[in-house]
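Here's the structure, in structure tokens; my notes come after.
The values are calculated or read from the model by the stated rules, or taken from the named source; none is laboratory data. Here the structure is a predicted model, which means the values were calculated and not measured. Here Cβ is always computed from backbone atoms with ideal geometry, including for glycine, and neighbour counts include all displayed protein chains. Accessible surface areas use protein heavy atoms only, side chains included; no ligands, DNA or RNA. Shrake-Rupley method; radii C 1.70, N 1.55, O 1.52, S 1.80 Å.
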Amino acid sequence: MQLKNEKTNLLLINPEEMNQVDKIAMQYLPVLTLMENAGLAVARAIMQFYKPCKILVLCGPGNNGGDGYVVAHILANEGWPVKVASLKPPEKGTDAYKAFVQWNGDKTDFNIQSVRDADLVVDAVFGAGLSRDIDDHISSVLKAADHLVAIDMPSGVDGKTGIIRGYAPHAELTVTFCRAKAGHYLLPGREYIGKLVIANIGIPENILSELSINTWLNEPGLWELPIADVEDYKYHRGIVNVVGGGTVTGAARLSALAASSCGAGLVHIFAFGSRDLYLLTSPCFMVDEGDFTDTLQDKRRKVWVCGPGLTEDEVKISLINLIKTNKTIVADASALTKENFDLLKQCAVITPHIGEFKRIFGDFKDCRIEAVKKAASILNTVVILKGPDTLIASPDGRVAVNCHANARLATAGSGDVLTGVIATLLACGMEVWEASCAAVWIHGEAAFLHNNSWPNAMDLIHNLGKARDNGRYHVEK
Ligand SMILES: NC(=O)C1=CN([C@@H]2O[C@H](COP(=O)(O)OP(=O)(O)OC[C@H]3O[C@@H](n4cnc5c(N)ncnc54)[C@H](OP(=O)(O)O)[C@@H]3O)[C@@H](O)[C@H]2O)[C@H](O)CC1
Ligand SMILES: [K+]
């Protein structure tokens with residue numbers, strides 16, 4: 001198993017970090033060599049995915065444009081009809097300028113007509129150096145392209161946040177270098193990338209470990225799931241405890257069923273009422289009622305789900321007592337209020353969707369990665385910001401971006417299922433952030449396993465065991 005390598009392959013770099021990488025890389029290789037390698041990688045990808053056709057390379061004034069001149073050069077040498085349109089020539093003395101002066105093929109104007117005359121546009125206008133919204137002239141030119149390959153980023157997609165700065169073209173193919181950037185996976189940017197190719201341009205790998213980059217794509221390899229062991233017994237597999245509301249019971253039952261289906265050794269529900277309903281949900285559940293504080297004395301019952309289906313009072317009573325007895329708490333739903341801020345500081349994981357997140361932490365500007373990192377650090381709790389590109393942040397600064405999910409997960413009870421999976425992985429001893437990342441992935445996998453159909457929360461639960469195995473199998477292959 002090559003866990004370590006898998007993990008570094010999953011690193012996501014932001015433009016500032018990439019800048020640092022470049023600066024260190026210059027000690028090993030000249031920037032022009034990196035640029036030539038970058039251009040070669042883009043040209044190769046184009047030759048792999050397209051038949052020879054009329055190419056227009058749109059070049060900006062920075063190194064992204066520099067890469068573009070190199071691409072033009074290589075494709076023209078291969079006999080492709082290539083024209084270059086420069087937004088503005090690079091400054092004299094720069095590496096991009098060296099690439100610019102080497103282009104002695106056809107030049108044309110940076111305008112809509114030039115784009116219309118081409119079959120395929122190479123977008124080398126802005127990459128990591130995008131610093132502001134792009135203007136109307138540039139966007140109208142990019143907009144005219146029917147088929148577009150982006151170098152590093154479609155111009156206008158912010159590499160750090162995935163936010164669109166004014167306008168961005170939809171690329172069919174994006175070729176980036178060294179590692180993917182967060183903006184390739186964060187929405188809305190992710191929708192503009194097309195197929196993503198990550199090319200090695202000779203940057204030494206040790207540079208990445210020297211910089212403490214701590215953002216990853218959430219895929220198996222980032223974490224390792226425990227397997228069923230011959231010596232397993234139910235307490236070793238882990239006990240998941242769910243606080244069950246007295247009146248609204250569905251959410252807690254879904255969390256408990258999820259835990260039961262994805263490998264918990266034992267599932268308990270503490271019922272504030274409606275005991276029979278909880279009992280009838282599954283013969284696998286142990287259901288307790290009566291004095292909650294008595295129940296908490298059992299030290300083996302460490303991991304608790306608190307929030308789904310609970311009233312405000314039930315949340316208060318249970319959170320306060322769970323904290324007093326030093327339990328590992330996964331807080332969700334009704335527990336996630338500003339009023340509970342201090343109580344949430346004592347939880348292991350909280351799982352807000354964007355509305356709940358803003359309710360607790362207030363609104364934030366631009367960068368969701370920064371916002372969720374800050375939230376995790378303030379609370380000293382793992383924060384899972386749920387959404388189509390769920391972010392999982394640890395108080396120590398680690399963040400994972402999860403794209404392993406589809407829109408069909410947006411169904412009632414889906415969050416309760418996730419909570420149950422997180423608790424299961426905590427109960428079997430996984431580290432909190434890794435358990436949270438793995439649970440989010442398994443949850444997404446459960447939706448993918450429901451092929452071509454619309455899973456409800458029960459369908460997701462049904463798929464969890466297989467989904468968990470797939471998370472393991474992927475690494476063992
Ligand atoms: N290690 C690697 O990955 C390598 C990557 N390479 C490529 O280099 C670019 C990054 O190059 P950089 O020069 O830092 O930046 P850009 O080329 O993306 O753009 C900077 C210039 O663009 C101007 N700019 C930025 N935003 C706008 C805008 N909205 N409108 C107009 N002009 C804009 C900016 O002007 P300033 O006024 O802000 O200074 C710059 O002139 C990376 O993406 C890769 O493609 C290298 O090949 C080496 C290896
Ligand atoms: K670009």
For region 283-399, what does the convex hull of the Cα positions come to per residue, in cubic angstrom? 124 Å³
In µm²/s, what is D for region 234-473 at 25 °C and 0.890 mPa s, where D = kT/(6 pi eta Rh) by Stokes-Einstein and Rh is the Kirkwood radius from Cα pairs? 141 µm²/s
Once you charge only the Cβ atoms, +1 for Lys and Arg and -1 for Asp and Glu, what is the size of the charge dipole of region 29-157 about its Cα centre, to the nearest 20 debye? 180 debye
Put +1 on the Cβ of every Lys and Arg and -1 on every Asp and Glu Cβ in the chain; which of S453, I134, P30 then has its Cα farthest towards the positive end of the dipole? P30
Taking a ≥ b ≥ c as the square roots of the eigenvalues of the Cα gyration tensor of the chain, is the shape rounded (a/c under 1.5), prolate (a/b larger than b/c) or oblate? prolate
Nearby lysines by direct alpha-carbon distance to K299 (threshold 25 angstrom, same-chain neighbours under 8 apart not counted): K234, K316, K324, K327, K345
Percent antiparallel among DSSP beta bridges confined to the chain, nearest 5, equals 15 percent
Among V399, L208, M430, pick out the residue whose Cα is farthest towards the positive end of the charge dipole of the chain, where Lys and Arg carry +1 and Asp and Glu carry -1 on C-beta, about the Cα centre. L208
Could you work out what % of the accessible surface of the chain is carbon and sulfur, using a 1.4 angstrom probe and leaving DNA, RNA and ligands out of the count? 49 percent
Leaving ligands, DNA and RNA out of it, work out the accessible area of E191 with a 1.4 Å probe and give it in Å² to the nearest 10. 120 Å²
Dipole magnitude of the chain about its Cα centre (Cβ charges: Lys, Arg +1; Asp, Glu -1), debye to nearest 20: 100 debye
Say the dipole of region 65-180 comes from +1 at the beta carbon of Lys and Arg and -1 at that of Asp and Glu; which of A171, F100, N77 then lies farthest toward its positive end? F100
Any chance you could count the Lys pairs in region 5-212 whose alpha carbons are under 16 Å apart, treating pairs 8 or more apart or on different chains as valid? 8
Charge tally for neighbours of V242 with beta carbon under 14 Å away, counting Lys, Arg as +1 and Asp, Glu as -1, is 0
Taking a crude spin-label model, label points 7 Å out from Cα along the C-beta direction, the K358 to S453 distance in nm is 3.6 nm
Ignoring everything except DSSP H segments at least 4 long, calculate the 222 nm mean residue ellipticity for the chain; use -39,500 (n - 2.57) per segment, divide by total residues, nearest 500. -12000 deg cm²/dmol
If you project the alpha carbons of region 334-461 onto the principal axes, what extent comes out on each, in Å, largest first? 40, 33, 25
Could you provide, to the nearest whole Å², the per residue accessible area of the chain with probe 1.4 Å? 43 Å²
Step through the residues of region 148-158 one at a time and calculate ³J(HN,Hα) from phi using the Karplus curve (6.51 cos²θ - 1.76 cosθ + 1.60, θ = phi - 60°), rounding each to whole Hz and writing x for Gly and Pro. 9, 10, 9, 8, 6, 8, x, 4, x, 8, 6
Scan the chain and report its longest stretch carrying no chymotrypsin sites (Phe, Trp or Tyr not before Pro) that are both in a DSSP loop and have at most 15 other Cβ atoms within 10 Å. 29-232
Using a 1.4 Å probe and ignoring any ligands, DNA or RNA, find the accessible area of I378 and quote it in Å² to the nearest 10. 80 Å²
Compute, for region 234-473, the length of the dipole vector about the Cα centre, with Cβ point charges of +1 (Lys, Arg) and -1 (Asp, Glu) only. Units Debye, rounded to 20. 480 debye
Candidate residues E16, E91, E370: accessible-area rank, largest first, probe 1.4 Å: E91, E16, E370
